[in-house]
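Only one structure is covered here, and it is reproduced in the block below.
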Amino acid sequence: MSLSKRDFLQVLSCAAVAGMPLGRHAEAATARAEEQLYDLPPFGNVSLLHMTDCHAQLNPVYFREPSVNLGVGGMQGQLPHLVGEHLLKATGLRPGTASAHAFTCLDFETAARRYGRVGGFAHLATLVKRLKASRPGALLLDGGDTWQGSATSLWTNAQDMVDACKLLGVDVMTGHWEFTYGMARVKEVIETDFKGRVDFVAQNVKTADFGDPVFKPYTLKVINGVQVAIIGQAFPYTPIANPRYLVADWEFGIQDANMQKMVDEARAAGAQLVCVLSHNGMDVDLKMATRVRGIDAIFGGHTHDGVPVAVPVKNAGGTTLVTNAGSNGKFLGVMDFDVKDGRVSDFRYRLLPVFANQLRADPDMQALIDKIRAPHLAKLNEQLAVTDGLLYRRGNFNGSWDQLICDALMDTQGAEIAFSPGFRWGTSLLPGAPITRELLMDQLAITYPYATLTEMTGTTIKTVLEDVADNLFNPDPYYQQGGDMVRVGGLTYTMTPTEAMGRRVTDMRLNGRPVEADKRYKVAGWAPVAEEAKNAPGVKPVWEHVETWLAHQHGRVKPRKINTPRLVAMQGNPGLTST
């Protein structure tokens with residue numbers, strides 16, 4: 001049972017997150033709980049609100065933070081590669097509190113039942129309105145991965161999220177998964193829905209033929225007499241992590257030199273505050289902050305890291321603050337700057353958890369959400385099974401949702417091995433809850449959902465695993481080009497993240513027997529980036545296979561045995577929880 005507002009206030013300890021003492025809140029009237037919990041004193045003269053990676057979750061959800069987020073090389077022991085008790089210790093958050101639940105996976109099931117769901121655009125809208133009202137001129141920044149990740153976003157060609165973001169009051173946006181709707185759709189939204197309302201910025205996307213900018217590189221805003229530049233940085237590896245054919249005419253990249261040029265250009269145009277709205281991922285942002293001068297703050301996304309503090313990074317031009325605001329609408333970043341004499345003299349940063357039980361639903365946003373969902377409710381709510389175990393995805397290796405998908409693909413396609421992409425998005429489901437079509441689609445809703453069945457040699461299987469492992473564990477963040485590790489069904493292996501490429505994956509076994517280099521194995525998968533895959537004979541979207549499998553589980557899905565690799569040389573790494 002979820003806590004009442006009064007009970008919630010009695011156990012909440014968010015001082016390190018919200019930057020305010022909460023002792024007086026325990027005595028507050030229930031009717032004022034929302035006002036007191038989220039009543040942040042204004043500071044300075046420029047305020048920026050930041051959301052990212054909501055993955056089209058219009059309604060409140062459960063979302064488990066990772067128990068594995070390994071840092072290697074210089075990133076070991078550093079944010080964002082701290083999880084569980086290690087993150088609490090580093091950031092001063094108390095165990096057993098609502099803030100501990102928001103930022104870690106510790107005691108997730110019990111805490112989730114206690115504190116309830118997080119996020120939801122109607123609740124987020126209430127918080128955004130409250131903060132904008134107390135901070136005149138505040139901008140709402142959207143870091144991307146907003147249009148993808150739910151059934152309704154897929155079925156409406158992202159129009160549900162476009163309409164919701166306009167109503168939410170998004171001012172500036174960049175992108176990643178947005179591009180998987182294709183170039184024409186992205187440009188259509190920018191030139192119609194967003195025109196005069198939302199600035200879509202990305203300095204690192206150029207035309208493939210002449211290298212012309214596809215989007216505005218930055219936007220200039222005046223806030224309380226201070227000129228502010230927001231430079232966009234779209235996901236630099238979109239054509240690698242996602243199908244190239246969907247962005248065939250565009251080139252992406254990190255493009256540090258052009259970023260420096262844009263910073264200098266914005267400063268020359270009078271910008272006293274220069275910020276980057278980034279979808280690089282936090283490790284890449286931290287490196288970029290050492291290489292590009294003149295950026296005051298980077299508001300980051302992509303890696304879904306809910307980091308409670310702004311990380312200061314020294315560079316030749318001074319200090320850049322780097323933040324990352326989590327995912328699934330679970331958090332809202334609030335950065336208050338005090339800009340004096342053309343420079344930042346001080347700041348305050350808070351990453352606020354969005355507890356749906358503690359924020360009233362904004363009636364206008366709720367009405368829009370209800371309107372969006374109405375034509376689809378029967379399909380969304382159809383119960384496919386009940387889960388006996390916790391289903392979650394986020395983490396460097398297999399989650400239980402991924403295991404369910406791999407098990408389903410192997411069973412329905414007669415495969416010995418299954419690969420599922422290392423996607424970070426996907427909501428969580430508590431034991432005993434129904435698996436509805438909506439919750440299943442939270443894990444699968446993409447524009448290239450085709451299931452595959454391929455014969456691979458043992459050598460090819462090892463190459464696939466090594467390539468993905470290097471994308472994740474390369475000590476140079478600029479070579480980290482994808483999501484988490486590919487999820488595996490059937491196959492077991494040993495992983496040494498600190499090894500060089502080609503030597504990280506060893507002891508691959510199938511049913512206890514070593515995988516043979518030249519032997520061919522049937523491997524199931526989905527989400528192929530090759531265009532020809534969608535035209536393969538008999539191809540089906542992945543959800544058809546998983547729904548078929550669920551229908552044969554006699555109404556209940558047993559807890560999955562999660563197939564994670566044996567890790568070597570990771571003992572004591574604070575990117576692993578000890579529980």
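The values are calculated or read from the model by the stated rules, or taken from the named source; none is laboratory data. In this text, all values refer to a predicted model and were calculated from it rather than measured experimentally. Cβ coordinates were reconstructed from backbone atoms using ideal geometry, including for glycine residues, and neighbour counts include every protein chain displayed. Side chains included, ligands, DNA and RNA excluded: accessible areas come from the protein's heavy atoms. Shrake-Rupley method; radii C 1.70, N 1.55, O 1.52, S 1.80 Å.
Its Cα gyration tensor gives the range 209-366 an equivalent ellipsoid; the semi-axes, largest first and in whole Å, are 25, 23, 16. For a paramagnetic label modelled on Asn315 (point 7 Å from Cα along Cα→Cβ), amide N atoms under 18 Å away belong, within the range 191-209, to 202-205. Dimensions of the range 306-465 along the principal axes, based on C-alpha atoms and rounded to the nearest Å, stand at 68, 49, 28, largest first.
Per-residue extension of 0.36 nm, minus the Cα-Cα distance of Lys166 and Glu455, leaves a gain of 99.4 nm for this segment. In plain terms, the chain from Arg291 to Ala268 could stretch by 6.3 nm, reckoned as 0.36 nm per residue minus the Cα-Cα distance. Taking one quarter of the surface of the C-alpha convex hull of the range 221-299 gives a mean projected area of 5.8 nm². Taking the Cα centre of the range 279-387 as reference, the dipole from Cβ charges on Lys and Arg (+1) and Asp and Glu (-1) amounts to some 180 debye. Surface composition of the range 202-338: carbon and sulfur atoms hold 53% of the protein heavy-atom accessible area at a 1.4 Å probe. Placing unit charges on each Cβ (+1 for Lys and Arg, -1 for Asp and Glu) gives the range 263-401 a dipole about its Cα centre, and among Ser400, Gly281, His376 the Cα reaching farthest toward its positive end belongs to Ser400. To the nearest 10, the accessible area of Arg117 is 110 Å² with a 1.4 Å probe. For the range 411-482, the C-alpha radius of gyration sits at 1.41 times the compact-globule guess of 2.2 N^0.38 Å, with N the residue count.
Principal axis analysis of the Cα atoms in the range 74-146 yields extents of 37, 36, 25 Å, listed in decreasing size. Taken about its Cα centre, the range 168-272 carries a charge dipole of roughly 160 debye when the Cβ of each Lys and Arg holds +1 and the Cβ of each Asp and Glu holds -1. Report Trp543's accessible area, 1.4 Å probe, all protein chains in place, as a number in Å² to the nearest 10. Roll a 1.4 Å probe over it and Trp543 shows about 50 Å². For the pair Asp341 and Gln159, a Förster radius of 41 Å applied to the C-beta separation gives a FRET efficiency near 0.35, rounded to the nearest 0.05.
Summing charges over neighbours of Phe423, with a neighbour being any other residue whose Cβ is under 15 Å away from its Cβ, gives 0 when K and R count +1 and D and E count -1. When the scattering of the range 471-579 is computed by the Debye formula from its Cα atoms alone, each counted once and equally, what is log10 I(q)/I(0) at q = 0.11, 0.13, 0.16 Å⁻¹? For the requested q values the scattering log ratios are -0.56, -0.77, -1.11. Normalising by the residue count of the range 179-290, find the relative contact order in percent from Cα pairs under 8 Å and 6+ residues apart. In percent, rounded to a whole number, it is 29. Computed with a 1.4 Å probe over protein heavy atoms only, the accessible area of His552 comes to about 130 Å².
Net charge dipole, the chain: roughly 1060 debye, given to the nearest 20, about the Cα centre with Cβ charges of +1 for Lys and Arg and -1 for Asp and Glu. What is the antiparallel percent of DSSP beta bridges lying wholly in the chain, to the nearest 5? Antiparallel bridges make up about 65 percent of those DSSP assigns within the chain. Think of a 1.4 Å ball rolled over the protein heavy atoms: the chain then has 37 Å² of accessible area per residue. Taking every C-alpha pair closer than 8 Å and separated by at least 6 residues, the mean separation divided by the residue count of the chain gives a relative contact order of 18 percent. The accessible-area ordering, largest first, of the residues Phe194, Phe210 stands as Phe210, Phe194, per a 1.4 angstrom probe. Each label point was placed 7 Å from the Cα along the Cα-to-Cβ direction; for Ala569 and Ala367 their separation is 6.1 nm. Annotation for Asp209 and Arg509: the two label points, set 7 Å from Cα along the Cα-Cβ direction, are 5.7 nm apart.
Max-minus-min Cα coordinates of the range 409-554 on each principal axis give 42, 35, 34 Å, with the largest extent listed first.
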